[in-house]
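See structure below.
None of the figures in this text is laboratory data; all of them are computed from the coordinates on show. Every value quoted in this text rests on a predicted model; they were computed, and no experiment measured them. As a convention, Cβ positions derive from the backbone with ideal geometry for all residues, glycine included, and neighbour counts pool all protein chains shown.
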Amino acid sequence: MKKFLLFALILGLVTQLDAQRAGGPPPQGGQRPAAAPPSNALSKEAETALKNYEKAKADVTGKKAQDAAAWVKFGKSILSVYDYPAKNIWLGLSAIEARVVLKDQRPIGTEKRILSEEEYEVVHYSDKDLYYNAGGSLNFWVITKPLMPQNLLNEAFDAFKKAYELDTKGAARKDAIEGITVVQNRFMSEAVTAYSIGEFSLSSKNFGNSLLCSEHPGINKKDTLVVFNTGLTAFYAQEYERALQYIQNALDLGYSQDGSAYSYLAESYKAMGQPSKMESTLAEGFTKYPSNQAILIALINMYRENDEDPTKVMEYIHKAQTIEPNNESLYNAEGDFWKKLDDTEKALECYRKSIAINPNYLFGHINIGTSYYDAALVVQNKASDELDDKKYNALLEEMDVLLIKATDPLEKAFEITSDPEIQLDIALYLKNIYYRLQGRDDKYIPLHEKYRDIYENR
């Protein structure tokens, strides 16, 4: 699930790029596949792109070695070679459109693949694989046979960088900066595609390469989200030193993913055998983000794994509450702690304190309602195993009482929030609750219908 969330995060980032080129890396091992067949098997466009590359390269390695414009031309020729296999395809392309724009290329096979819990139809061509989502839109593609085997994006970056350095009058600098920006976006797209197919190490390297482009003096912009994703994909690749470097850099720049960065840092320290740094990192993160579930869970697990009393976490919570006694989220965090230790009564007590401080505190109401709902499910499971009719009916009555107690706080939460996603989640709870209760009293029938319609018409 956490990887799915990251994908949503970086996919949103990629849509800000020049999305006409969202293709990516090779599918195995991070190694560039073999080059395309000899030129006699290529189209005229491909041959032209290769000839232009060779000519531009000869110029900058010969008489035009100090000519900034020649280096810009070389950079553009490299990008033409790089882009060729994905020419005329774009994000959102349908299979029908693909048959039109790729009329001279025939698919050589198809298959189904599951990636990040989503099924794709993969259409194989001689030089690329196109990944269509369940809606039939092209989500991304992988180039399996580039025109040339070397790392063309690094070569293009070096060419534009050289043009920028050689240009003393400024005439070619604009073109060089534009070229570096294109290369940056290509690296970003490669990073997202590598992530999508599970090549986390390659994804991290491409995120890092995009940062090198953005840090060039001609651009001089550092995207903190990209810094974080460079580290996070390194974390998924179990490259913990690299993960620490970039995630800490993101924190230094003010980006923490609402505190989750601390949990990734802590897990990296744990993997590297540095428990003291793990504990101090989690303590710092929890102090700053007491409502972050990842940090809270990591703290509890850390103490449990070390055979220590997990209630030591309360030291951090109570210290924060002393400093900010009117911070409702701190009492909500304490409630989450007790709930994770299966102490529903203490959890409810804390959630009630949170809404006593702020009667419109959304998560306090949600957590009260869902705590009663979860408790009702526990009773339901007991009832399903009960053979004595009298005890069975008593358990059903207990379950109904808990469900009734869940309705008011969930109704209040639905009223407070304007977030449609949260409203849908609450509507699902209420739909299920009122479905059960409508057999108890007819007054629950219209309430069930109300939330059923809200949820089903989402």
When the convex hull of the C-alpha atoms of the stretch 100-167 is computed, what volume per residue in Å³ does it have? 152 Å³
Between 0 and 90°, nearest 10: helix 44-60 axis offset from the chain longest Cα axis: 70 degrees
Over all directions, how big on average is the projection of the convex hull of the alpha-carbon atoms in the chain, in square nanometres? 29.2 nm²
How high is the relative contact order of the chain, in percent, counting Cα pairs under 8 Å that sit 6 or more residues apart? 9 percent
Working from Cα positions, state the angle (0 to 90°, nearest 10) between the long axis of helix 420-437 and the longest principal axis of the chain. 40 degrees
When a footprinting reagent is the concern and you count Cβ atoms within 10 Å, what order do S203, S137, S214 take, fewest first? S137, S214, S203
Can you spot the lysines whose alpha carbon is less than 23 Å from K353's alpha carbon? Ignore those fewer than 8 places along the same chain. K288, K312, K319, K339, K340, K405, K412
Can you put V122, V378, V100 in order of Cβ neighbours within 10 angstrom, beginning with the fewest? V100, V378, V122
From phi via Karplus (6.51, -1.76, 1.60), per-residue ³J(HN,Hα) for the stretch 329-335 in Hz, x at Gly/Pro: 5, 5, 6, 5, 4, 5, x
Treating only the Cα positions of the stretch 360-458 as identical point scatterers, give the base-10 log of I(q)/I(0) from the Debye formula at each q in 0.25 Å⁻¹. -1.27
Structure-based [θ]222 nm, the chain - -39500 (n - 2.57) summed over DSSP H runs of at least 4, per residue, nearest 500: -21000 deg cm²/dmol
Calc'd 3J(HN,Hα), the stretch 138-147, phi into Karplus 6.51 cos²θ - 1.76 cosθ + 1.60 (θ = phi - 60°), Hz, glycine/Pro = x, comes to 6, 8, 6, 9, 10, 7, 9, 9, x, 5
Sequence of S189, S201 once ranked by neighbouring C-beta atoms within 10 Å, starting from the fewest: S201, S189
Check which residues have an amide H placed less than 5 Å from L115's amide H, if you skip close sequence neighbours. Y120
Could you compute how fast the stretch 40-104 diffuses translationally, taking Rh as the Kirkwood radius over C-alpha pairs and applying Stokes-Einstein at 25 °C with viscosity 0.890 mPa s? Give it in µm² per second. 182 µm²/s
When a/c reaches 1.5 or more, the comparison of a/b and b/c decides; with that in mind, is the stretch 75-208 rounded, prolate or oblate per its Cα gyration tensor? prolate
By the scheme Lys and Arg +1, Asp and Glu -1, what is the net charge of all other residues having a beta-carbon under 13 Å from that of A320? -3
